[in-house]
Amino acid sequence: MKIGIIGLGLIGGSLGLDFKAVGGHTVIGISRRPETCSRAIARGAVDEASTVLNTLTDTDIIFICTPIAQIQPTLDQLAPHLSPQTIVTDVGSVKAPIVDAAESVWPNFVGSHPMAGTTESGIEAAQSHLFRNRPYVITPTSNTLSQSIETLENLVRSLQALPYQCTPADHDRAVAWISHTPVMVSASLIAACTAEPNPAVLELAQKLASSGFRDTSRVGGGNPELGVMMAQYNQAALMRSLIAYRTHLDQIIDLIEHQNWAELNALLTRNQQVRPKYL
Ligand code: NAP
């Protein structure tokens, strides 16, 4: 197949490395900066690369792998260059707003989101087998062509990733729980701790912090742009989860305040039993 990849960073570069390794495809890359295009070619992630979209005219499928805010503007610029049979997909971490807008510009659009990544970004962070054994969510709607879903699923399977299908809205609610809410909960833990009014206690806490704090603060102490992006693009689902979370936190506060150790123990026991289902 002739495959286009726009945005040669961690995800776009990693897709390119794997499609090239699978073989039988021509991979054409597009990125914003010429030096990224040169590095992508040198790393073997693409056969050719440039900064202009018109090289993608006769591609079978195009993966838009830019930052979320650039997905829709990229599709708007891309659409006039394409033939109707070209499938366009994206890899954005939020689906409903992207799919809603993209379908009206390009009817042959299939939203998707590979559940794989690292904390690094850019073409140097691209790696082979990033998607192996990881879920790759495809979010069709009633407008999506079944043949296009099948083509994307077959490509996903060739990366040894695990294709899942769900609606864009269900995807956004699920990632709000397992990705976006943890960032905000972890961020508020760091902020609350840092607001400790006694400077001696704060300093002591910072000296004593170990693996527990490292684990619980990791996602809240990461890239601020990513956190804002999650809140901005998945606002409704994130608010829904955060409000439910606040209710549960209030219940725990209430149990502790009333020294209801039996109920607290029951709650923590249920959590201990259910946690493996997420991991
Ligand atoms: P990234 O490493 O920063 O890569 C994005 C690349 O897009 C940049 O390297 C940049 O390349 C290029 N770019 C930026 N604006 C562009 C434009 N207007 N036209 C063409 N190329 C442009 O980011 P990423 O982590 O791969 O994330 C990309 C997408 O994947 C996002 O939508 C994100 O939601 C999604 N995603 C990320 C992860 C993750 O864990 N990181 C996981 C799943 C999905 P230049 O060097 O040319 O500027």
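The values are calculated or read from the model by the stated rules, or taken from the named source; none is laboratory data. Computed from a predicted structure; not experimentally measured. Neighbour counts run over all protein chains shown; Cβ positions are idealised from the backbone, glycine included. The area values use the complete protein model at the heavy-atom level, side chains included, leaving out ligands, DNA and RNA. Shrake-Rupley method; radii C 1.70, N 1.55, O 1.52, S 1.80 Å.
Kindly provide the GluC sites (Glu not before Pro) of region 100-193 that DSSP labels as loop, not H, G, I, E or B, and whose Cβ sees at most 13 other Cβ atoms within 10 Å.
Sites meeting the loop and neighbour criteria: Glu120.
For the chain, what does the helix formula give at 222 nm: sum of -39500 (n - 2.57) over DSSP H segments with n ≥ 4, over the residue count, nearest 500 deg cm²/dmol?
It lands at -15500 deg cm²/dmol.
For the chain, what are the DSSP H helices with axial Cα length of 27 Å or more and mean Kyte-Doolittle hydropathy of at least 1.0?
none
Please give me, ordered by residue number, the trypsin sites (Lys or Arg not before Pro) of region 88-162 that lie in loop per DSSP and have at most 14 other Cβ atoms within 10 Å.
Answer in residue order: Arg132.
Over the Cα atoms of the chain, Rg to Rh with Kirkwood Rh, two decimal places?
1.05
In a Gaussian network model over the chain where Cα atoms closer than 10 Å are linked, find which of Thr151, Thr74, Thr119 has the largest mean-square fluctuation.
Thr119
Let me check something: with ligands and nucleic acids excluded, how do His25, His180, His258 order by accessible area (1.4 Å probe), largest to smallest?
His258, His25, His180
Quote to one decimal, in nm, the extra length available between Ser142 and Ala262 on full extension: 0.36 nm per residue of separation minus the C-alpha distance between them.
Length difference between fully extended and current span is 38.3 nm.
Based on Cβ point charges of +1 for Lys and Arg and -1 for Asp and Glu, what charge dipole magnitude is obtained for region 1-112 about its Cα centre, in debye rounded to the nearest 20?
Using only the charged Cβ atoms, the result is roughly 320 debye.
Tell me the accessible surface of Tyr233 in square angstrom (1.4 angstrom probe, heavy atoms of protein chains only), to the nearest ten.
70
Using only the Cα atoms of region 1-84, what semi-axes does the equivalent ellipsoid have when each is the square root of 5 times a gyration tensor eigenvalue? Give whole Å, largest first.
Three semi-axes, in Å: 18, 15, 11.
For region 133-279, report the convex hull volume of the alpha-carbon atoms normalised per residue, in Å³, without decimals.
With only Cα atoms used, region 133-279 gives 168 Å³ per residue.
Where Lys and Arg each count +1 and Asp and Glu each count -1, what net charge lies around Leu8 among other residues with Cβ under 10 Å from its Cβ?
Result for the local shell: +4.
Check cross-link reach from Lys2 to the lysines: straight Cα distance under 21 Å, and skip same-chain residues fewer than eight apart.
Lys20
Taking only Cα atoms and a 10 Å spring cutoff, compute GNM fluctuations for the chain and point out the largest among Val183, Val105, Val88.
Val105
Put +1 on the Cβ of every Lys and Arg and -1 on every Asp and Glu Cβ in region 1-148; which of Val110, Gly13, Ile30 then has its Cα farthest towards the positive end of the dipole?
Of Val110, Gly13, Ile30, it is Gly13.
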